[in-house]
Amino acid sequence: MNVARVFFVRLVLRNISRRLVRSMVLITAVGLVAAMGFLSVLDLGGLQQSMELGFERLGADLLVVDRTAKVNLTQALLAVEPDTPALPMEVLEAAAQLPPSILLSTQRAVRGDAEFATNMGLSHGASIPLYGIDPEHDSTVQPWLNEQRGIDFQDGQVILGHRLRGRLGDRLRLQGQTFQIYGHLAASGVPSHEHGLFFTLRDLNNLVPSGDPDTLGINGLLVQAPPEFTIERLRFSLLAQLPDASVTGGRTLLAMVRQGGQLSLKLVSAFSVPLLSSVLLLISLYSFGIAAERRQELGLLLSLGATPRQLMGLLTAETSLLCAAGSGLGIGLASLLRQPLEQLLALRLLEAGLTLPHPSPAQLVRDGLVIWLLITAVGTIASALSALVLVGSDPLRLVQSDG
């Protein structure tokens, strides 16, 4: 009798030690997967946003102006030349009928008088270019914002060029009207973005009336080519559909860089999905393995009167708890390591002239919660499926099986 008790105690202790080892291995594996997944989602997401911002900052590919306009192209098509003749209403109406995939940024550019320079603290006789943009469709000004207020650009606000001074949120008095400083542009080397003032089209028309309330004095359309259009094809299409307009630009190399880079980012995002799926599959296989190693224990419990539903609940609850604990610890560890890794990545990008967007606390919580729920759900489903297979077997065969 004593020998049987000793054997039973040894068996129980051995099962407990094995279960502890398996549990620790599962928690560690799930924690590593959760930490790497959390850091990958944040860093790859930030890197993708940084690259997309870099592509957006390349400017437009083509410029549509009045046929009589003289165009002085800069190294980047970011703004219309001041005092370019206004586009006829027919051109604007035809441009509104173009396919949505063709990005159009409407602008108006004029030369401000000496009073604008005086209000900005510049020397007497200096001239400041004034620009009106459509905030909803702009693709050449707002991507260059270096700092900004946490709201959308709208009427009653002004964006300052890189070399103009002013604090965010301060009030600026111009021509008897008050504007709030919305943001500053980053250094670009382009005169418009270095020295200009940027308003909405409506505000600029109030400051410097165009004489045409229907067109608001728009004198340029900045065009970005979609991936399915080559530059020459887009140029011929615009010339055919926009009467009395001149289409200039044609920076084929930069357009190819933008289109190829955006396609590469999409492919990287697409290939990350199979990678994540394979990692989740490994967690599922490990959960299957843990359940298979407990065949004898499950057979013994079935022989003692436990129902299949009770065993499925037991295995599922244990695996869910272990996966939840492991993923929670992994995400917590990743949160501690995120800041130094993010600083290193931001420093590398800064050397290349790029910036790394910082995720908000709400985004961190949302991404962490999604990863935690995903890993826990995968482990739970895998455990439930493996338990469903095992509890349907003969209890005697389970007890007599090896492992």
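Amide H contacts under 5 Å for residue 172: 179, 180, 181, restricted to partners 5 or more places along the chain or on a different chain, H placed in the peptide plane at 1.01 Å from N. Rounded to the nearest Hz, the phi-derived 3J(HN,Hα) couplings of region 27-34 under the Karplus curve 6.51 cos²θ - 1.76 cosθ + 1.60 (θ = phi - 60°) are 4, 5, 4, 5, x, 5, 4, 5, where x marks glycine and proline. Close amide-amide hydrogen proximity is noted between residue 217 and 212, each under 5 Å apart and 5 or more residues distant or on a separate chain (H modeled in the peptide plane; Pro and chain starts excluded).
Peptides 147-155, 129-137 ordered by packing proxy, namely the average of other Cβ atoms within 10 Å per residue, highest first: 129-137, 147-155. Backbone amide hydrogens, once placed in the peptide plane, bring residue 230 within less than 5 Å of nothing, excluding anything fewer than 5 places away on its chain. Couplings for region 79-85, taken from phi via the Karplus curve 6.51 cos²θ - 1.76 cosθ + 1.60 with θ = phi - 60°, read 7, 7, 5, x, 6, 5, x Hz in order; Gly and Pro are left as x.
The numbers here are math on the coordinates, done by the rules we state, and not lab data. Model, not experiment: these values are computed from the prediction. Backbone-built Cβ (ideal geometry, glycine too); neighbour counts: all protein chains shown.
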